[in-house]
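Taking it in order: structure first as structure tokens, then the write-up.
Values in this text are rule-based calculations from the coordinates and carry no lab data. Keep in mind that this is a model prediction, so the values were computed, not measured. For neighbour counting, all protein chains shown are included, and Cβ atoms are generated from backbone atoms with ideal geometry for every residue, glycine included.
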Amino acid sequence: MADNETEQTNTVDLVVEGCRLPVNMAGTDEWPLAEILSRKDVDRAAPEFYVHYIDYNKRLDEWVTLDRLNLDKLQMPKKDKTPVKDGRSSRASTPERDMVNGGLLPGLSRNKSNAGRKRKLPLGEGSEDLAQDSPAPTPPPPTNNNSTPGAVVNSNSNSNSNPPHQPRQTGSMVLDKSHDDIVTRMKNVNMIELGRYRIRPWYFSPYPVELTILPVIYLCEFCLKYMKSRKCLDRHKEKCGLRHPPGNEIYRKGTISFFEIDGRKNKNYSQNLCLLAKLFLDHKTLYYDTDPFLFYVMTEFDNRGYHIVGYFSKEKESTEDYNVACILTLPPYQRKGYGKLLIEFSYVLSHFEGKTGSPEKPLSDLGLLSYRSYWSQAVLETILKLQSPDEGAERPLITINEICETTSIRKEDVISTLQYLNLINYYKGQYIVTLSQDVIDAHNKSMLKRKIRIDPKCLHWNPKDWSKRGKW
Ligand code: ACO
Ligand code: ZN
């Protein structure tokens, strides 16, 4: 064996869990720094490495072969690292962990700056329509506006900074760091088949081990039961008979419906939904007690039935007035406006309840992008709908509280949105909102993309006061 080959072999042996080195990211010509999370030596001559790209979201983690490692820049695990009690190595940072209310994330800014490269970095990806290809993911839109004074809307409310939100510690999906070990840090399901789609999962989900070793897990798209083979699925379909989610259809307009599912009455379905959702939600951990939750499943109808597009869960009683616990659009349907439709629906429910609401924190990177965009559109839509008051009065007037009442968006979120859009100015002793023509034009343009909207007239639903019920 030549000397340099021996040297290479020795270096390869040094590549163990916790090492860092540049790795060629799938489908790109980029070599970001990555951490080795695991190593497989099934074939001694061709080891494989599970890598996490530092500063990128965990959903991009992947198994790579030796040729994609830059061994010249290998950094050994730091010896002085504080040992972690369950024996895992250093925790590479992910955007969710670094999340703060209202801030953009390292992973996202990087994705943004990479726009236009050979392959767009997958903020969300991994699904395949069995009939047609799903569109390639595209980078995030520009996020900031520089406002110049123009049309003015007065506000009598002071601007506050957001109060810190504590994540809820109970529920169908809770933050649970004890599960964040080496096993749950790695994707365990290779592929799922759901209706006409094959979808590649983004994160760990605790499906039974005997299924996770298979190349594909087959799900009944209506009851979400998971099975080991197509044959089992076909047999199941004959018995299942469902063509829509369980629960009550509380909304229908065109082909879009929403079903309300009680986590206590439909426990199997709710647990299966949580298992499925966990494949795409990193920062929450499954909790099998679904009783305290309602699940709102959005479907699209065709001649084969009501196909699940996405859902959100909501606590029956939320002390913090959260109106969404977890929200998900399934990957084949993402980036088509369904996320905003789900969010809009959650606020329409809050409106019927006569409340304002807010999503449970922390938000994921994509959750924050979607909420920011939804809040911006809802707040600007409300302000721009204002009629000018009587002649003589120059500017239409609205208070922050009135914006909250109209949109059902919680006050802190309205204020943070106005700040994020850079619209709040201090003028003659009060805060005023200044809208430039550029902001108005950008808003009008972005609203053209909102092709489907929730029509509150199509909602047939009466809010329940769960605190008055003996049992959920
Ligand atoms: N890259 C860049 N921007 C994106 C991406 C992406 N991959 N995905 C969504 N966006 C932006 C869109 O551009 C859009 O903004 P715009 O209209 O201003 O351009 C906005 O987010 C919403 O887009 P939609 O198409 O309406 O949303 P989508 O159907 O893709 O669903 C969701 C968004 C639900 C967050 C989806 O990405 C998802 O399910 N992600 C995985 C689970 C998750 O992270 N859920 C949120 C967790 S936080 C919580 O549960 C409270
Ligand atoms: Zn079924």
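In sequence order, segment 45-56 has phi-based couplings of 7, 9, x, 10, 10, 8, 10, 10, 7, 4, 6, 10 Hz under the Karplus curve 6.51 cos²θ - 1.76 cosθ + 1.60, θ = phi - 60°, and Gly or Pro positions carry x. Peptides 250-260, 204-214, ordered by how many other C-beta atoms sit within 10 Å of their residues on average, highest first, read 250-260, 204-214. Quick one: net charge around residue 279, please, counting Lys, Arg +1 and Asp, Glu -1 for every other residue with C-beta under 11 Å from its C-beta. Local net charge: +3.
Fewest neighbouring Cβ atoms within 10 Å first, the residues 238, 300, 344 line up as 238, 300, 344. Ranked for footprinting exposure by Cβ neighbours inside 10 Å, fewest first, 249, 35 give 249, 35. Put simply, the Cα atoms of segment 412-472 extend 52, 35, 17 Å along their principal axes, the longest span coming first. Quick check for you: which residues of segment 26-44 have the amide N under 20 Å from the point 7 Å beyond the Cα of residue 66 toward its beta carbon? Hits in segment 26-44 for residue 66 at 20 Å: 26, 34-44. Straightening the chain between residue 248 and residue 14 buys 78.5 nm, computed as 0.36 nm per residue apart minus the Cα-Cα spacing. Between residue 438 and residue 319, the simple spin-label model (points 7 angstrom out along Cα→Cβ) gives 4.5 nm. Can you bin segment 300-446 into rounded, prolate or oblate? Criterion: square roots of the alpha carbon gyration tensor eigenvalues sorted a ≥ b ≥ c, rounded for a/c under 1.5, prolate for a/b above b/c, oblate for the rest. Prolate is the answer for segment 300-446, as a/c is 1.5 or above and a/b outweighs b/c.
For residue 436, nonlocal amide neighbours, meaning residues 5 or more places apart or on other chains whose placed amide H falls under 5 Å from its own, are 148.
Return 469, 410, 39 ranked ascending by Cβ neighbour count within 10 Å, so the fewest neighbours appear first.
Working: 469 10, 410 23, 39 15.
By the 10 Å Cβ count, ascending: 469, 39, 410.
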